[in-house]
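All of the numbers you see were taken from the coordinates with simple rules; none came from a lab. Predicted model, so just to flag it, every value in this text is computed and none were measured. So basically every Cβ, Gly included, is an ideal-geometry build from the backbone, and we count neighbours across all protein chains shown.
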Amino acid sequence: MESRRVQRVLLLSNGFGGATMAAYCWLRDRGIQTAFQPAGSGAAMVDADLWYGPDLIFAPTLTAKVPAELFGKVVINHPGRIGDRGASSIDWGRWRRERFGGTTLLLAADGWDTGDIVHTTTFAYPAEPATKSWIYANPNRAAMLRGLAHLVDEVAPTPRPLDYAHADVLGRWNDVLRLGDATIDWSLTADEVVWRAAARDGAPGVLASLLGQSLRVYDVHPAGPARGDQGAVVGWLPDGAIRVATGPAGADGRRESVWIGYVRDGAFKQPASWWLRGQRGHCPVWEDGAVPYRPVTTTQRGAVAVITASAYNGAWSTFFCHAVAAAIAAVARRPDVEQIVLRGGGTGPFCNGINLNHVYAAPAGMEAEARANIRAINEVALALFQARRDGISVLVLLDGDAGAGGAFLSLCADVAVAVPGRTFNYHYVGMGGLTGSEFHTLTLPGRMPDEVARVGLLHDCLPLSADQALRQGLVDYLAPEGLSGPDLTEWVYELAANHGHPGKQADRQRWRPLPTEAELAETQERELRRIDADFASEEFQSAVTNFVLKRGGTAPRAATEYRGAYT
């Protein structure tokens, strides 16, 4: 690799997904000209190199083989420690309960993951059963960006050959972890079932047998003691999970049990209780003593109440939105609450808007469910506005990535706070030309007064890093670098209390004025009228179908052009 300042980077990737967007934002935050092209074939990669003439080709996610013409030129981001090879390194690492994981950047070469190494990072896996998706979006993403920083330094790193004779090469070859290799046996304890499911969540899921059918399960959590045979469905929740008995029976005849949020018995994930509706038999709605499934929880310290709303993959269903809105309204009625913080769970996206899997599979049809869901997420926004009208200061903590309705929902608060390293997509049109809702036509101009900038934000469909969202006025504060879990919670309590302190009134005067009820009503009527027409369109329904069935999508056109520092 040449020792020169990197000025132009071409991103070659399977698609414009989380890791690619993170790399794209990181590079543009540093003023580096960046463009993206899908790596559809070897010929397409060679053509992209000739067309763009980059100083560096970086592949954040790549499953296609790099052609010989680009050996030694393409840097591949491989999830795994130095020496790990094969497509299932992370899957096997979690399945084997290995202590350490990592990310290695290597030069494309003949063979799978055999090229010279330009950077490697090893990190400790979490002790708890964190999902595969969380690992990719957090420690793996952070390690990739650290490696990318080395690549664009003034002096390029010296590649190191992969040599298993070195003691620090602790990785190995990993065959593909196939569905038949990763299964759930209902004789296992609940903790083991949860661990196995997390190791393969979000894709491809882990195989289990339910009601005589073999299917993949996702979003699995402990549910407490229950009565029933191993593998029996012993409970279900509307619009959500089913409860399954597992493990040996205790002296009282009860077993452990788990919640299963989603299953896949065909081409797409659907809520497990929706799948259950199509099966024979009946099971109780609830059993006393169950641990709740993905509850919307509230904790309070002094005058600060924190509402945690953690939806699977950040997809807020109609039912989930109603629960969040009810929680906000209930907390706002407490006489001792002066500040409300709405946050995600910190283990996945904050919110990506309406639940498209629910929209696709809804018995009432896509259009009807989409309309119900968009009104439900507006209900959350209205609850935030009402709390502010009642004199309560409202903060939203973007503790995960956010897109569409989730990103714009944060603008309904007094204050938006973001965690560094997260990416946000403030746009809708990529999903079949949606115009959007969540009162964005009212809140966005206050945050971004320049109309040209707003049009670019909504129609270029480019992601923003947390840093860039702060600079453009869409976020008001960044959390300290590296805080997560209980530490992040402690910090946001302090921030909220400090924001509400009487001595901070001068600081609070700069926040956007609170919309009147008449402005909210007019905005909602206008936005819903347009988006209802969008939901009825063939373009939207086709886009939802492609999204849910993973038929691939097109990258934003603007991402395929060189762009440097954000304006």
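Look at (1) 22.3, 67; (2) 24.9, 78; (3) 24.1, 72: the one that is Rg and Dmax of the Cα atoms in Å derived from this structure is (3). If the cut-off is a Cα-Cα distance under 15 Å, which aspartates and glutamates reach Lys132, setting aside same-chain residues fewer than 8 apart in sequence? Straight-line reach from Lys132, under 15 Å: Asp91, Glu98, Asp201, Asp219.
Given +1 at the Cβ of Lys and Arg, -1 at the Cβ of Asp and Glu and no other charges, the dipole of the stretch 77-234 around its Cα centre is 260 debye to the nearest 20. Within straight-line reach of Lys73, meaning a Cα separation under 19 Å, sit the following aspartates and glutamates at least 8 residues removed in sequence or on another chain: Glu2, Asp47, Asp49, Asp55, Asp110, Asp113, Asp116, Asp153, Glu154. Taking Cβ atoms as reference points and 9 Å as the exclusive limit, the residues near Tyr566 contribute a net charge of +2, counting Lys and Arg as +1 and Asp and Glu as -1. Ranked by the mean number of other Cβ atoms within 10 Å per residue, highest first, peptides 408-419, 222-233, 539-550 order as 408-419, 222-233, 539-550. Of all DSSP bridge pairs formed entirely within the chain, close to 55 percent run antiparallel. In terms of the mean number of neighbouring beta-carbon atoms within 10 Å, the peptides 314-322, 348-356, 477-485 order highest first as 348-356, 314-322, 477-485. In whole Å, what is the distance between the alpha-carbon centres of the stretch 125-175 and the stretch 343-397? What the calculation gives is 36 Å, centre to centre.
Dipole size of the stretch 179-277 about its Cα centre, with +1 on Lys/Arg Cβ and -1 on Asp/Glu Cβ: approximately 220 debye, rounded to the nearest 20. Here the chain is assigned +1 on the Cβ of each Lys and Arg and -1 on the Cβ of each Asp and Glu. Its dipole about the Cα centre then comes out at about 300 debye.
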